[in-house]
1. Taking the stretch 192-207 as the region of interest, how many residues are among the aliphatic types (A, V, I, L, M) and touching a helix residue (DSSP H, G or I) at 6+ places or on another chain (Cβ under 7 Å)?
2. Between residues in the stretch 13-36 that are closer than 23 Å to residue 194 by Cβ and residues that are surrounded by fewer than 17 Cβ atoms within 10 Å (Cβ to Cβ) and aromatic (Phe, Trp, Tyr), which pairs lie under 9 Å by C-beta distance while being six or more apart or on different chains?
3. Collect the residues in the stretch 176-187 that are under 16 Å from residue 207 (Cβ atoms) and without any contact (Cβ under 8 Å) to a residue 40 or more places away in the chain, keeping them in residue-number order.
4. Which of the residues that make up the stretch 81-120 are under 19 Å from residue 43 (Cβ atoms), under 20 Å from the mean Cα position of the chain (by Cα), small (Gly, Ala, Ser) and not in a strand (DSSP E or B)?
5. Those residues that are more than 22 Å from the chain's Cα centre (by Cα), part of a loop (DSSP other than H, G, I, E, B) and surrounded by 13 or more Cβ atoms within 10 Å (Cβ to Cβ), I need them from the stretch 185-241; list them, please.
6. What helices (runs of 4 or more DSSP H) completely inside the stretch 1-68 contain at least 1 residues that are more than 25 Å from residue 138 (Cα to Cα)?
7. So which residues in the stretch 188-214 are farther than 23 Å from residue 5 by Cα and either at pLDDT below 95 or of a type in the set (A, V, I, L, M) (or both)?
Amino acid sequence: MLELARKSDSVELKLTVPATDHRAAIAELGLDPLEAQIRQVFFFDTPDLDLNAVGVVARARRIQGRAGDTVVKLRPIDPEGLPAELRHSPNVVVEVDAMPGGFVCSATLKAKADAPSVRDAALGKRAIKKLFAKEQRTFFAAHAPEGLSLDDLSILGPIFVLKLNFRPKEFERRMVAELWFYPDGSRILELSTKCTAGDAFQVAAEARSFLTSKGVNLNGRQETKTKAALTFFSKQLRAAATP
């Protein structure tokens, strides 16, 4: 992980809180849902998740009170394997995501997108490819399965999300809480903080100590928000296509 982190722009430490502990964790951390930002997240893939199978994620977000965005992400990657032009693009972030039991390095190419355009695409009133910038479309074409275009993809979503930035006095670092609500009533609560490669182990130790002091369970099964969303909606799409 350290080797990848040294080649990356940042490290994001993540923890999925078990569903049975959500209420207690929110209360102990002093999180106020009314201060959270509302987001709506859409993923794009085939019903069989052909993009996900090759490590490509295509996503669009609508965000309360500000411009949304689109993302094309590739993972896992070795930063040294990225073309120099892409690696030095101001729109690309190379980051290591680390959580209990594992880590992955990804390259994320982001662009702005206005909320009405994302909604129109979700409603089938706008071509999916028009949501993405030229640089993103080129990145997508280079890594997606041959013959699969953005407009061939299905819409997986939306997912309703509450995001809250907070800075605990006892930790003195910016943290993020994201609560993802899935249509079947399930939820994922993820806590995260970012740091540099050189600070990763120190910050991880401090975060662990802080969360433990608040009674947050660090030993629950770790779930990624994206994987849960893709799995849920792909099942729906396949079921709808079955005669």
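1. Number satisfying all stated conditions: 2.
2. 29/166; 30/166; 31/166; 32/166; 35/166
3. Within the stretch 176-187, 176 is the sole residue that qualifies.
4. Scanning the stretch 81-120 gives a single hit, 115.
5. 214
6. Answer list for the stretch 1-68: 2-6, 22-28.
7. Matches in the stretch 188-214: 188, 189, 211.
The values are calculated or read from the model by the stated rules, or taken from the named source; none is laboratory data. All figures in this text were calculated on a predicted structure; none of them were measured in a lab. Quick reminder, even Gly has a Cβ in these numbers, built from the backbone with ideal geometry, and neighbours come from all protein chains shown.
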